[in-house]
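First comes the structure, then the notes that go with it.
Just so it is clear, none of the values below were taken in a lab; they were calculated from the coordinates. As the structure is a computational prediction, the values presented were derived from the model and not from experiment. Glycine also receives a Cβ, built like all others from the backbone with ideal geometry; neighbour counts cover every protein chain displayed.
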Amino acid sequence: MNKSSNVSWLLTFSPMVHVHRILAIILDSYVERVSRRMCNFAYVMLVFGQNFQVISILTLAGSISHDKNLVLEEAFNQNMLGVFIVANILTGLVNLSVDTLSASPLAAFMILVAYTFTLCMLAGLAQFSGVRIKFW
């Protein structure tokens, strides 16, 4: 895709983010509370809004990206399976060692920062060491 195509996609998805977020707020306030367990319409609108926001961010990043991949992108691309397995193991360690439901917002944020830093460092070290799990 070229950059003008990315911009047109961005102009398509950006308003959809706001429409779905506003619908979720209205439904949450006047119809029923957002509930993941019930998977009600307010929850569906909230998830659509979040998905369109992610698509918009990725489209924007694609339209301003460089011709060459970043080192961290290459590290993740070369070792996707290994990074996925390590991420699952780290998620299990966090869930077993921390009561995440009663953690304060600051503690939850610090856990996410440590998790992301650890995952990026392991992927970067694998790339730097020449470990390549991608075999296709």
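Assorted remarks:
- Helical contribution to [θ] at 222 nm, DSSP H n ≥ 4, -39,500 (n - 2.57), averaged over the chain, rounded to 500: -26000 deg cm²/dmol
- Using the Cβ-Cβ distance between Val47 and Val19 with R0 set to 22 Å, the FRET efficiency from 1/(1 + (r/R0)^6) comes to roughly 0.95.
- Between Ala87 and Thr12, the modelled labels are 2.6 nm apart [label points 7 Å from Cα along Cα→Cβ].
- Only Cα pairs under 8 Å and 6+ residues apart enter the sum, and on that basis the relative contact order of the chain stands at 27 percent.
- Additional length obtainable on full extension of the chain from Ala108 to Glu32, 0.36 nm per residue less Cα span: 24.6 nm
- Phi-derived couplings, Karplus 6.51 cos²θ - 1.76 cosθ + 1.60 at θ = phi - 60°, listed residue by residue for segment 100-116: 5, 5, 9, 6, 6, x, 5, 5, 4, 5, 5, 5, 5, 5, 5, 4, 5 Hz, with x used for Gly and Pro.
- For Ile64, Ile133, the sequence from fewest to most other C-beta atoms within 10 Å is Ile64, Ile133.
- Segment 3-63: equivalent-ellipsoid semi-axes (sqrt of 5 x gyration tensor eigenvalues, Cα, Å): 27, 10, 6
- Structure-derived P(r) over Cα pairs in 10 Å bins from 0, in percent - corresponding label in (i) 11, 22, 31, 29, 7, 0; (ii) 12, 30, 23, 13, 9, 7, 4, 1, 0; (iii) 12, 41, 29, 15, 3: (i)
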